[in-house]
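Visitor: Got a structure for you, written out below as structure tokens; questions coming shortly.
Read-outs: derived from the displayed coordinates by stated rules, not from any lab. What you see is a predicted model, and the numbers here were worked out from it, not measured in a lab. Heads up, the Cβs are rebuilt from the backbone with ideal geometry, glycines too, and the neighbour counts pull from every protein chain shown.
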Amino acid sequence: MQTMQRYIFTLTLTLCVLAAALFNTAMANDKDGFTWEIISDHDQILVHQAAVAGSKINVYRATTIMELDGLQALIALLQDYSHYPRWLHFITNSTKVAQISALEQLIHVRTLVPWPAKNREAILHTSFEHTLGNEHTNERLEYRFHIAEEPFSAAQGYRQFTRFDGFIRAVVKEENKVVLSYQLHADFGGRIKPWLNNRMLRNAPYFTLDKMRLLLHSPMYRQLTPQEN
């Protein structure tokens, strides 16, 4: 009986925190002109889509809540560039090209797309912003990425993305709960039509967060959390 009561309490708390997080997310994006629509609710991951002014490609965002004591493991995961293909949906290869500053990097990524279109690649300008929590604010991390301005020539058999930008955001809540979000707006360009572009993108946030959760709870990264140091 007590086990069932604890389960119900934990589930209720998770749903309340997620509802609050989604409400705050929607409010924060009003200024960007996005009107979010829920398109998927599976495995405690909510996926939203929104139209983007001047583009036929939608922006997609997934949000979930996971148990994580601090953000050390997430920071380590995001800085493990060669392992991006293990969790970042679409990405089949990733390499750090340059270190711009302590918090900014250039990352080269490649991805596969359906035949007969050519595969895609891009140089992404990535940046970290990590704010420690205090009595007034929660600890948070924001990892942003967009197509770098530096020109480069696509390799044989590849085309360059027209657009690839978004962010991974984590906010620490009470009871060691972390609200984790992933947003993506990507245009494959070329012969890939907008409707197919959107169809490929709509599941990317879900699969990305699902794989991230598994890795963050794996021994490789779990040992980085404070309670196990």
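Visitor: Between MET220 and GLU175, what is the spin-label point distance in nm, taking each point 7 Å from the Cα along the Cα→C-beta axis?
Guide: Here the modelled spin labels are 3.0 nm apart.
Visitor: Between PHE152 and ASP80, what length in nm is gained on full extension when 0.36 nm per residue of separation is reduced by their alpha carbon distance?
Guide: Working: separation 72, 0.36 × 72 = 25.92 nm, distance 2.34 nm.
Taking 0.36 nm per residue and subtracting the Cα distance, the gain is 23.6 nm.
Visitor: Under 19 Å Cα to Cα from LYS173, which aspartates and glutamates show up? Leave out anything in the same chain fewer than 8 places away.
Guide: LYS173 reaches GLU67, ASP69, GLU129, GLU135, GLU139, GLU142.
Visitor: To continue, here is another question. Report the Cα centroid-to-centroid distance between region 39-79 and region 159-215 in angstrom, as an integer.
Guide: Comparing the Cα centres of region 39-79 and region 159-215, I get a distance of 6 Å.
Visitor: Over the alpha-carbon set of region 75-145, work out the extent along each principal axis and list the three values in angstrom, largest first.
Guide: Dimensions of region 75-145 along the principal axes of its Cα atoms: 55, 23, 16 Å.
Visitor: Which lysines, if any, have their Cα less than 30 Å from the Cα of LYS177, not counting same-chain residues under 8 positions apart?
Guide: Of all the lysines, those that pass the test against LYS177 - Cα under 30 Å, at least 8 places apart if same chain - are LYS31, LYS211.
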